[in-house]
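Report on one structure; see the data block that follows.
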Amino acid sequence: MAQSQLWSVLSIAPTTILVAAGAVSIVVLVGTRRRLGPDADWVEVIRATALPMLDPAIERLLGGVGSAYEIAPAEYVGLLQASPEEVERMLWQAGCRRNVLSATKTTPDGRRQLGAWVYRNPADVGRQMQVDVLLFAGPNDTTLVAAHHEYSSSLRWLTEDPSVLVKHYAGETYDPHAGAAILQRAILPDARWVE
């Protein structure tokens, strides 16, 4: 397919793609060199803006691997009686970090993800695995938390074992029930769940 045909099929201007790709690249570069915590909300702004713009190109070029999608209610762990900022501080204290490589997600009722966090303690999740923790606004200053257990998206697998990244992006072992269990048992065992 010619380059001009690709842009017309995607209905996106090349400049938009380049700007969005550049912004995501900066997030990934900074995020992989530094452990970004609760004060790095700028990451979520860039992810929420740039990834939906890149999604058509990524899906077309990589064959169905998307960077923006709707999660299923099966991923919901529950509502925490805490604001998203408070939940981010709890996740940080539990050893999570911002997941700069996470796709941006929405709920079936249209809520956009407020935060993407990842937990990779091998004692709890397995050596090549992670728990992806997703935060959404809930009613009355609560936070809807969703999670899934999956293969790791850490860039270290590029040199250690690239098949781990292939399995991650292919969605192998994408398990919401295991993610919820690990979240409640190992990551936030003392959290106050509303439902």
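So here's what we get for this one:
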| item | result |
| --- | --- |
| Where Leu61 falls short, out of the listed (1) part of a helix (DSSP H, G or I); (2) at pLDDT below 90; (3) touching a helix residue (DSSP H, G or I) at 6+ places or on another chain (Cβ under 8 Å) | (3) |
| Close pairs (9 angstrom Cβ cut-off, 6 or more residues apart or separate chains): within 15 Å of Pro176 (Cα to Cα) in the stretch 104-132, open to solvent by 60 Å² or more (accessible area, probe 1.4 Å) and among the acidic types (Asp, Glu) anywhere | Lys105/Glu70; Thr107/Glu70 |
| Answer residue from the stretch 72-83, given it is in contact with a strand residue (DSSP E or B) (Cβ under 8 Å, 6 or more places away or on another chain) and closer than 14 Å to Gly179 by Cα and is most open to solvent (accessible area, probe 1.4 Å) among those | Tyr76 |
| Any hit, the stretch 164-172, residues being surrounded by fewer than 18 Cβ atoms within 10 Å (Cβ to Cβ), modelled with pLDDT of 80 or more and not charged (D, E, K, R) | no |
| Which numbered condition Asn140 misses (of (1) polar (S, T, N, Q); (2) more than 23 Å from Thr173 (Cβ to Cβ); (3) buried (at least 20 other Cβ atoms within 10 Å of the Cβ)) | (3) |
| Test: residue in the stretch 84-93 that is modelled with pLDDT of 95 or more, within 11 Å of the chain's Cα centre (by Cα), open to solvent by less than 60 Å² (accessible area, probe 1.4 Å) and not charged (D, E, K, R) | no |
| Condition check for Leu79: under 19 Å from Glu195 (Cα atoms) and either assigned to a loop (DSSP other than H, G, I, E, B) or touching a Ser or Thr at 6+ places or on another chain (Cβ under 9 Å) (or both) | yes |
| Some residue of the stretch 102-118 being modelled with pLDDT under 90, surrounded by 20 or more Cβ atoms within 10 Å (Cβ to Cβ), farther than 24 Å from Pro189 by Cβ and not charged (D, E, K, R) | yes |
| Some residue of the stretch 98-108 being out of contact with any helix residue (DSSP H, G or I) (no Cβ under 7 Å at 6 or more places or on another chain) and among the aliphatic types (A, V, I, L, M) | no |
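The values are calculated or read from the model by the stated rules, or taken from the named source; none is laboratory data. The structure displayed is predicted, hence computed values, not measured ones. Methodologically, a virtual Cβ is constructed for each residue, glycine included, from the backbone with ideal geometry; neighbour enumeration extends over all protein chains shown. Note: areas computed on protein heavy atoms with side chains; ligands, DNA, RNA excluded. Shrake-Rupley method; radii C 1.70, N 1.55, O 1.52, S 1.80 Å.
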